[in-house]
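K.L.:
Below are the structure tokens for one structure; questions will follow.
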Amino acid sequence: MLKTGDEYRASLRDGRVVLASDGSRVSDVTTHPQFRDAVDTVAALYDMQHRPETAEIATYQDEETGKPASRAWQVPRTKDDLVARRELARLSTYHTFGVFGRPPDYGSFNALGLLSVADRIAPSSEEWARNIDTFIDWGRANNAMSADIVADVQSDRSVPTAQKPGRLRCVEERKDGLVLYGAKPCASGAVHSHVGTVVTLLTPGADPDANLFCYVPLNAPGLTMVAREPVIMPGTTDEHPLDVRGEEPDSLLVFDRVFVPREHVFSFRNEQMLGLYHELGALALWHILARLSYKSEILAGAAQAIVEVLGTENIPQVRDAVSEISAYATGLRAHVLAAEDTAAYANGVLVPAERYVTAGRLHSVESYPRMLQLLREISGQGLISRFSERQFADGSVGEMLAEFLPGTGVSAEAKNRVFNFVWDLTCGANAMRVALFENVNATPPAAMRARIYASPYRRPWRDFVFDHLGVDISAAR
């Protein structure tokens, strides 16, 4: 039930079709220069399931089998379950420094979201509802990593949604399943995942044949993953302590008559499902907020490290900047805890309150660029005055670099390592890719603001104001 890192690598050698950015076909994603570092980073998370110091966080005792299982597939039934799932998010975030938005513990949330809305599915088909439970059991038993496949391809907006040639849709319905044709973009982490969960949640106006909820093995015949160009160059060394762990690859999934067996289908042509983005995605959105909360702690830790190696912590403007980053981290954590404290059950699944998740995510996304800029500002010339190990070892200037560039209480080389990390976190190409990802991940700020405005929880506050002022607007209500 629990893979090791090596078993995880072996499971990816399954005949999947990946087209690298140089146009070559990838025979093994575990060794290809564009993907191997990311695979190794994820493999280390699989190994954590077996290490005594992390096994209790990464696994739990499955009640049905009596054996340890990945906590990534644990259905949250109690608040303790939510807290345990969040601790797993902390483990994966600290391991990846938060730059992998789709770690293994994230991938099950589409399935768990479907479980929470199974009452909307069962009236159409009891079989589809049962398929959700079966898939969760399968994912748990196989220690699978799942990629969520949600967005639609960017194309000519003058063409009606139901006529877009690239939309993923069923082109043949058979007794034993569906045949899919089209594409899905932005599949972060799909290249090194086992399956993808397809959910049609961001497509108002979708035609019935494109109203799909199912899962697809990522080595399915007819499926090609077209990877974007890398932003981290192969051969990156540990002089870049964050980038050396690799980047999370994004890819376009091209479906050329991919067959989906009927036991893999969760819903099809059910119009009611198209409006359930926030209900079905509630757990996934909570995980995103929790990950950003833990990532903000890393940002605050980096800020404190900067001022200590530079000896600038007594400068008021520097202290203000560090305080602002710390307050950002504290605020995100408060939203996470509030969402858990006010969680409610949906079909037996304990779901964190969307009210706090959406507000927290909006704050996290809107403030994220400023946090990076504050880190850059308090770094001063440190981000530019970085040098390689070979330069420090140079016989003519190396000793002078060590003499001229020490930090406060640390050597020049140690200070250099701090700013190499901050560069990877705030300035490098992968840092920019991650900033772009965070800004549009699971709806951009404008959509979140609209969602908050449409929420009814302000009504009691409004009523209090009107009642206090003696204003009667009952007719307008």
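The values are calculated or read from the model by the stated rules, or taken from the named source; none is laboratory data. This one's a predicted model, so the numbers in the text were calculated from it and none came from an experiment. Positions of Cβ are backbone-derived with ideal geometry, glycine not excepted, and every protein chain shown enters the neighbour counts. Each accessible area value is taken on the protein alone, full model and side chains, heavy atoms only, with ligands, DNA and RNA left out. Shrake-Rupley method; radii C 1.70, N 1.55, O 1.52, S 1.80 Å.
K.L.:
Determine whether residue 56 is without any contact (Cβ under 8 Å) to a residue 40 or more places away in the chain, open to solvent by 40 Å² or more (accessible area, probe 1.4 Å), outside any loop (DSSP other than H, G, I, E, B) and over 30 Å from residue 254 (Cα atoms).
P.N.:
yes
K.L.:
With without any contact (Cβ under 8 Å) to a residue 60 or more places away in the chain and among the polar types (S, T, N, Q) as the only criterion, which of 70, 116, 108 stands out?
P.N.:
108
K.L.:
Could you say which residue among 81, 119 is open to solvent by less than 50 Å² (accessible area, probe 1.4 Å), among the acidic types (Asp, Glu), part of a helix (DSSP H, G or I) and out of contact with any Ser or Thr (no Cβ under 8 Å at 6 or more places or on another chain)?
P.N.:
Answer to the check: 81.
K.L.:
When the residues of the range 362-393 are filtered to those that are not small (Gly, Ala, Ser) and not in a helix (DSSP H, G or I), which remaining residue is farthest from the chain's Cα centre (by Cα)?
P.N.:
In this case the residue turns out to be 387.
K.L.:
Quick check, is residue 422 within 16 Å of residue 306 (Cβ to Cβ), more than 19 Å from the chain's Cα centre (by Cα), among the aliphatic types (A, V, I, L, M) and buried (at least 19 other Cβ atoms within 10 Å of the Cβ)?
P.N.:
Yes.
K.L.:
Name the residues in the range 59-78 that are in a helix (DSSP H, G or I) and open to solvent by 20 Å² or more (accessible area, probe 1.4 Å), would you?
P.N.:
71
K.L.:
Further, regarding this structure: I need the full set of residues from the range 220-267 which are of a type in the set (S, T, N, Q) and out of contact with any Leu (no Cβ under 7 Å at 6 or more places or on another chain), in order please.
P.N.:
Across the range 220-267, the qualifying residues are 236, 237, 251, 267.
K.L.:
Looking at the range 395-413, I want the residues that are open to solvent by 40 Å² or more (accessible area, probe 1.4 Å) and have a partner that is assigned to a loop (DSSP other than H, G, I, E, B) with Cβ atoms under 6 Å, at least 6 apart or on another chain. Which pairs are those?
P.N.:
Every condition considered, the pairs that remain are 408/311.
K.L.:
Could you list, in sequence order, the residues of the range 269-285 that are more than 15 Å from residue 115 (Cβ to Cβ), under 26 Å from the mean Cα position of the chain (by Cα) and touching a residue at least 24 places away in the same chain (Cβ under 8 Å)?
P.N.:
274, 277, 278, 285
K.L.:
Follow-up question, since we're still on this one. Quick one: how many residues across the range 37-78 are out of contact with any Ser or Thr (no Cβ under 9 Å at 6 or more places or on another chain) and of a type in the set (S, T, N, Q)?
P.N.:
Residues in the range 37-78 being out of contact with any Ser or Thr (no Cβ under 9 Å at 6 or more places or on another chain) and of a type in the set (S, T, N, Q): 4 in total.
K.L.:
Here is a follow-up. Looking at 179, 198, 171, which one is of a type outside the set (Phe, Trp, Tyr), exposed (fewer than 15 other Cβ atoms within 10 Å of the Cβ), part of a strand (DSSP E or B) and modelled with pLDDT of 95 or more?
P.N.:
The conditions single out 171.
K.L.:
Still on this structure, please answer the following. Would you be able to tell me the number of residues in the range 332-361 that are part of a helix (DSSP H, G or I) and open to solvent by 20 Å² or more (accessible area, probe 1.4 Å)?
P.N.:
Final tally of qualifying residues: 10.
K.L.:
Also, I was wondering about something else. For the range 213-226: of the residues being more than 18 Å from residue 107 (Cβ to Cβ) and in contact (Cβ under 8 Å) with a residue 40 or more places away in the chain, which is least open to solvent (accessible area, probe 1.4 Å)?
P.N.:
224
K.L.:
Please name all residue pairs, on different chains or six or more residues apart, with Cβ atoms under 8 Å, provided the first residue is in the range 26-46 and is open to solvent by 30 Å² or more (accessible area, probe 1.4 Å) and the second residue is in a helix (DSSP H, G or I).
P.N.:
Every condition considered, the pairs that remain are 37/244; 37/245; 40/5; 40/245.
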